[in-house]
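The values are calculated or read from the model by the stated rules, or taken from the named source; none is laboratory data. Because the structure is predicted, anything quoted here is derived from the model rather than measured. Every residue, glycine as well, gets a Cβ built from its backbone with ideal geometry; the counts of neighbours run over all protein chains shown.
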């Protein structure tokens, strides 16, 4: 992953976003207040596809940045990940490290 500074206006929502229920106005207003006070503590994760930047994680943070009219935000640009498949490595498939492996340091040995 690469840390980049981008204009939040160019970030596109992910049409395959698994979150079907949006947070309420109260939760969004709290997030806006937190970002106003502290900034974005965890950058949204994006991927680049055909020149567009698609949000992978952090849709609410991006919406809050837009509500605050921030000119740019830090994002984590996810590169293509290679995972083995029956026909060889696949650059289009994500590899997610299970949390228990990440927390005990086993992820560094993958």
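Okay, here's what the table says:
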item	result
Residue in segment 8-37 that is farthest from the chain's Cα centre (by Cα), counting only those that are under 13 Å from residue 73 (Cα atoms) and loosely packed, with under 13 Cβ neighbours inside 10 Å	36
Segment 17-38 residues that are assigned by TED's automatic domain parsing to the domain that holds residue 71 and part of a helix (DSSP H, G or I), paired with ones that are surrounded by 14 or more Cβ atoms within 10 Å (Cβ to Cβ) and modelled with pLDDT under 80 (beta carbon under 6 Å, 6 or more apart)	none
